[in-house]
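See structure below.
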Amino acid sequence: MNYYTYIYTDPTRNEIIYVGKGKGQRAYSHLTRKDKHPLVYRLKLMNRQNIKPIISFLCVNVEAELALLCEIEAISKFGRKDLGKGPLLNLTDGGEGAPNVSQDTRDKLSIANIKSNTPKVRKLKSDAMRAHWSLPEFREKRHINLTATTSTVEHRAKQASSTKKSWENPEIRIKRLAAMAAVASTDAYRTTLSTQVKKSWESDTKRRKPCTIDGVTIYKSLKELTTKLGQGKNGARHPDFRYVVAGTVPIVDNVIDNSVGMD
């Protein structure tokens, strides 16, 4: 009754990379292995990046037969990388040397309801992730990787499609709108928004930027153009609407006097 089943997790990806069983110090022996195994290579790479794997246990103090069965079930659930079924670096399906698994053992596994997502494991993963993100070199590398991934056309298209699809779900739409309304109604949000708007209007270049829709009549600000022409196709939404370089022609009142210099 002193066997256990353990897992190795890469905290930077929140990804389980290995499942094993044993007793004593078996769970920690991989940290000093030097053979040619995918797990060994992965641990060496993580070590060079100052990343420590999280070692947690699916079950402890159980019979050897139960530990072996747990290993088999876990590998089957998470999937082996060499078979293209998951992230695990295991090269076998587990349970090597195990006797015929009895129904009684299967019943014990079901009753035990072994899970890897316990509060203790979640806290270990969270603490490890915080420790890694506190390192400047780790943050920089993650930023570069994330930027490279999210800046692709394929990623943006996939993200847009996923967002659009989720908004089509009435339940999700109602929840999101309710959450947005709740945030927008807070004093903190209103104060932040007010500060941002005031700051943006402090810049004269943003508040008074010459614009036109026909290239002839040039208004000295977007507000004056929309006030004169209104919104819609004759205003700021006109397909030919554009800003012009300030100072190239004189501005008189609301509209540039295009007759200047034409006598």
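The values are calculated or read from the model by the stated rules, or taken from the named source; none is laboratory data. Note that the structure is predicted; figures quoted are calculated from it, not measured. As a convention, Cβ positions derive from the backbone with ideal geometry for all residues, glycine included, and neighbour counts pool all protein chains shown.
Just one residue in the set Ala181, Ala157 is exposed (fewer than 10 other Cβ atoms within 10 Å of the Cβ), part of a helix (DSSP H, G or I) and modelled with pLDDT of 80 or more; that residue is Ala181. Among the residues of the stretch 208-227, what is the count of those that are closer than 10 Å to Tyr243 by Cα and not in a helix (DSSP H, G or I)? Here the count works out to 10. One residue stands out in the stretch 111-154 among those that are small (Gly, Ala, Ser) and within 23 Å of Ile55 (Cα to Cα): the one that is modelled with the lowest pLDDT, namely Ser116.
Inspect the stretch 240-256 for any residue being at pLDDT below 60, part of a strand (DSSP E or B) and not aromatic (Phe, Trp, Tyr) and give the result as yes or no. Checking the stretch 240-256: at least one residue is at pLDDT below 60, part of a strand (DSSP E or B) and not aromatic (Phe, Trp, Tyr).
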